[in-house]
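Visitor: What follows is a single structure, and I will ask about it in a moment.
Where a number appears in this text, it was derived from the coordinates with a stated rule and is not lab data. Note that the coordinates shown come from a computational prediction; the quantities given were computed from them, not determined experimentally. Using ideal geometry, Cβ is built from the backbone for each residue, glycine included, and neighbour counts are taken over all protein chains shown.
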Amino acid sequence: MDLGHFSIHLSVKDIKASRAFYETLGFKVVDGTAKNRWLMMQNGDSKIGLFEGLFDGNMLTFNPKDVRTVQAALKDKGYRLEKEAEDGVGAAHAAVADPDGNILLLDQY
């Protein structure tokens, strides 16, 4: 199963403080704005999304080429999805919780 690129999305309390911390580690902003309360930051192949007040908890995010194929495989194995991708083609997302309740976002864009 090809899950594509990986990033982690962090729910942060203070996006400016978090941005400064990750910049110290060599991350640079590649998308988003602090005004909109989200930033995508990158250091080499590593990506971190910072989100202030937009969701609870942290998420592991994968960008498969075909989210519907991944979704079908998970459902075939008996996993219940927290959110299902709509039928069709193109951009969509689904979400599933791992056994410990960590959310995996499957985001095809």
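Visitor: Would you kindly state the longest site-free stretch of the chain, with sites defined as trypsin sites (Lys or Arg not before Pro) in a DSSP loop (not H, G, I, E, B) surrounded by at most 15 other Cβ atoms within 10 Å?
Guide: 81-109
Visitor: Which ³J(HN,Hα) values in Hz, rounded to whole numbers, follow from the phi angles of segment 90-102 under the Karplus curve 6.51 cos²θ - 1.76 cosθ + 1.60, where θ = phi - 60° and Gly and Pro get x?
Guide: x, 4, 5, 8, 9, 9, 9, 9, 7, x, 9, x, 6
Visitor: Exposure proxy check: Tyr22, Tyr109 ranked by fewest other beta carbons within 10 Å?
Guide: Listing Tyr22, Tyr109 from fewest to most nearby Cβ atoms yields Tyr109, Tyr22.
Visitor: Moving on to the next point. Contact order normalised by length for the chain, with contacts defined as Cα pairs under 8 Å and 6 or more residues apart; what percent is it?
Guide: Averaging sequence separation for qualifying contacts and normalising by length gives 27 percent for the chain.
Visitor: Identify all lysines with a Cα-Cα distance to Lys28 below 21 Å; exclude those on the same chain that are fewer than 8 residues away in sequence.
Guide: Straight-distance partners of Lys28: Lys13, Lys16, Lys47.
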